[in-house]
1. Could you list all residues from region 37-81 that are under 16 Å from Ile14 (Cα atoms) and among the basic types (Lys, Arg)?
2. Return yes when Ser75 is without any contact (Cβ under 8 Å) to a residue 12 or more places away in the chain and either surrounded by 13 or more Cβ atoms within 10 Å (Cβ to Cβ) or touching an Asp or Glu at 6+ places or on another chain (Cβ under 7 Å) (or both) and no when it is not.
3. Of all residues in region 35-60, which are at pLDDT below 90 and either exposed (fewer than 13 other Cβ atoms within 10 Å of the Cβ) or not small (Gly, Ala, Ser) (or both)?
4. Among the residues of region 5-18, which ones are more than 9 Å from the chain's Cα centre (by Cα) and open to solvent by 30 Å² or more (accessible area, probe 1.4 Å)?
Amino acid sequence: MRDHNYFVYILTNIKRSVLYTSVTNDLSARLEEHKKGSKQTSFTSRYKCYYLVYFEHHQYIDQAIDREKEIKGWSRAKKMR
């Protein structure tokens, strides 16, 4: 079986006033997309969330999605810790 790479990650802005959590299979490419701001109406473009503050690797997409949902359910205080 082939190895798969999926990442759950959290971005913030320079003031750390917002947090953005998502999943991708190519973290470096996805971070570049966020920085370029190709979608001007996106959450990360509006709030200038370009700073990676956390990520974790998963082998299977279903595990990554489950973890993303878990993190999104946390309070802001817990995410900051």
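The values are calculated or read from the model by the stated rules, or taken from the named source; none is laboratory data. Note that this is a predicted model, so its numbers are computed, not measured. Because the Cβ atoms are built from the backbone with ideal geometry, glycine has one as well, and the counts that use them run over all protein chains shown. Note: areas computed on protein heavy atoms with side chains; ligands, DNA, RNA excluded. Shrake-Rupley method; radii C 1.70, N 1.55, O 1.52, S 1.80 Å.
1. The answer is Arg46, Lys48.
2. So Ser75 fails the test.
3. Of everything in region 35-60, those that are at pLDDT below 90 and either exposed (fewer than 13 other Cβ atoms within 10 Å of the Cβ) or not small (Gly, Ala, Ser) (or both) turn out to be Lys35, Lys36, Ser38, Lys39, Gln40, Thr41.
4. Asn5, Tyr6, Ile14, Lys15, Arg16, Ser17
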